Amino acid sequence: MTMNKSPINKSKETVLPLSRVRTIMKSSPDVENISQDSLPLVIRATELFIQHLSQMAYKVGKSKDSLEYNNLAEVVQTTDNMTFLREIMPRKITVKEFREIMKRKVIEGNEIKTQGKLDS
Amino acid sequence: MAEKLEDLNLPNTIVTRLIKDALPDNVNVSKEARMAVAKAASVFVLYLTNSSNVVAMAANRKTINANDVLQGLKEADFVDFIPPLQEALEGFKKSQREKKDASAKKKKDKDGKPEEMEVEENEAAENSETEN
C-alpha cells in the first residue's frame with residue numbers, strides 16, 4: 001500500500017465528531033471499553049482513510065476534474081487492504097453488461113455439465 | 001448507544017470537506033461518490049475497532065487502548081497510517097496535559113470554588129468514557 005504525501009489535513013485537531021465515532025465503535029457487540037486516547041486515534045485514522053481512498057480513486061479516474069462512484073468502486077475492488085468494503089461498494093454495470101455476464105455463465109454452466117457427462 | 005440507524009452515519013458535510021482537502025481544487029465530487037465515502041468511513045471505523053479489539057482481547061484486556069489501535073491498523077494492513085498517527089497521538093497527549101494544567105491552574109485561582117469548565121464536546125465525551 002502506498003500513501004500520497006500530498007495535502008492530508010495537517011492540523012493536529014480531528015474534525016469528525018467524537019460522540020458519533022464512539023457510538024459506531026460501541027455498536028460492535030464484542031467491544032466493552034474504549035480508552036481515552038484510542039478514540040481520537042481511531043478518528044484520525046478514519047480521516048486519513050477518507051483522504052487516502054479519495055486520492056487513490058481520483059488517480060484511477062480518467063477525468064481530472066471529477067470524482068465518481070465507479071472510481072471508488074474500482075479502487076475497493078482491486079486493492080488488497082480494502083477487501084472489507086467489497087460488498088458495500090460493488091462496481092456498477094449496465095443492464096446490458098449484466099445480461100451478457102449471465103449469458104456467459106449459462107454457457108459455461110452447460111459446458112461443465114456436458115464435460116461431467118463425458119467424464120462419467 | 002445507537003438508537004436510530006442514522007446514528008451510525010458520519011456527517012456528510014465533514015466527510016465532504018475531508019475529501020475536498022485531499023484533492024486538487026475544483027475537482028467535482030459526485031453526490032454518489034460522497035455518500036459512498038461516508039459509508040466506507042463508517043465501515044472503516046467498525047473494521048478498525050474490531051481489529052483493535054481482537055488485539056486487546058488476545059492480551060486479556062477489556063479496554064481498547066491506543067497501542068491496540070496501532071496494532072489493529074497493522075493487522076488490517078494500513079501500516080502507512082501508523083507514523084502520522086503516532087505523531088498525532090503525541091499531540092493529543094500534549095493537549096490533554098495542557099488542558100489538565102490549565103484547569104488545575106483555574107482551580108487554584110478560584111481557590112476552592114468548584115471547578116466549572118466550559119462544556120465542550122471533547123470534555124463531555126472524555127468524562128462519559130471513564131464512567132462506563
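Can you go through B:29, B:43, B:55, B:15 and tell me which one is over 19 Å from residue A:83 (Cα atoms) and open to solvent by 10 Å² or more (accessible area, probe 1.4 Å)?
B:55
Do we have residue A:17 as open to solvent by less than 50 Å² (accessible area, probe 1.4 Å) and either out of contact with any helix residue (DSSP H, G or I) (no Cβ under 6 Å at 6 or more places or on another chain) or of a type in the set (Ser, Thr, Tyr) (or both) here?
Yes; evaluated as a whole, the condition is true for this residue.
For the stretch B:107-121, does any single residue satisfy the condition of being part of a helix (DSSP H, G or I), within 24 Å of residue A:44 (Cβ to Cβ), modelled with pLDDT under 80 and touching a helix residue (DSSP H, G or I) at 6+ places or on another chain (Cβ under 8 Å)?
The answer is yes, given that some residue of the stretch B:107-121 is part of a helix (DSSP H, G or I), within 24 Å of residue A:44 (Cβ to Cβ), modelled with pLDDT under 80 and touching a helix residue (DSSP H, G or I) at 6+ places or on another chain (Cβ under 8 Å).
Cβ-Cβ below 8 Å, separation at least six or inter-chain, first residue in the stretch B:49-67 and touching a residue at least 24 places away in the same chain (Cβ under 8 Å), second of a type outside the set (A, V, I, L, M) and open to solvent by less than 50 Å² (accessible area, probe 1.4 Å): which pairs?
Taking only residues 6 or more apart or on different chains, the pairs are B:51/B:72.
So in the stretch A:69-105, with the set limited to residues that are open to solvent by 30 Å² or more (accessible area, probe 1.4 Å) and either in contact with a Pro (Cβ under 7 Å, 6 or more places away or on another chain) or among the β-branched types (Val, Ile, Thr) (or both), which one is farthest from the other protein chains (Cβ to nearest Cβ)?
Per the stated criteria, the residue is A:101.
Taking residue B:25 and the conditions (1) in a helix (DSSP H, G or I); (2) farther than 30 Å from residue A:90 by Cβ; (3) among the charged types (D, E, K, R); (4) more than 9 Å from every other protein chain (Cβ to nearest Cβ), which numbered condition does it fall short on, given that it satisfies the others?
That leaves (1) as the condition not met.
All but one of (1) open to solvent by 90 Å² or more (accessible area, probe 1.4 Å); (2) not in a helix (DSSP H, G or I) hold for residue A:108; which doesn't?
The number of the failed condition is (2).
Taking the stretch B:42-61 as the search range and keeping residues that are more than 7 Å from chain A (Cβ to nearest Cβ) and β-branched (Val, Ile, Thr), which one is farthest from residue B:8 (Cα to Cα)?
Looking at residues that are more than 7 Å from chain A (Cβ to nearest Cβ) and β-branched (Val, Ile, Thr), I get B:55.
The values are calculated or read from the model by the stated rules, or taken from the named source; none is laboratory data. Bear in mind the structure is a predicted one, so any value in this text is a computation, not a measurement. Because the Cβ atoms are built from the backbone with ideal geometry, glycine has one as well, and the counts that use them run over all protein chains shown. Side chains are part of the model used for accessible areas, which takes the heavy atoms of the whole protein and leaves out ligands, DNA and RNA. Shrake-Rupley method; radii C 1.70, N 1.55, O 1.52, S 1.80 Å.
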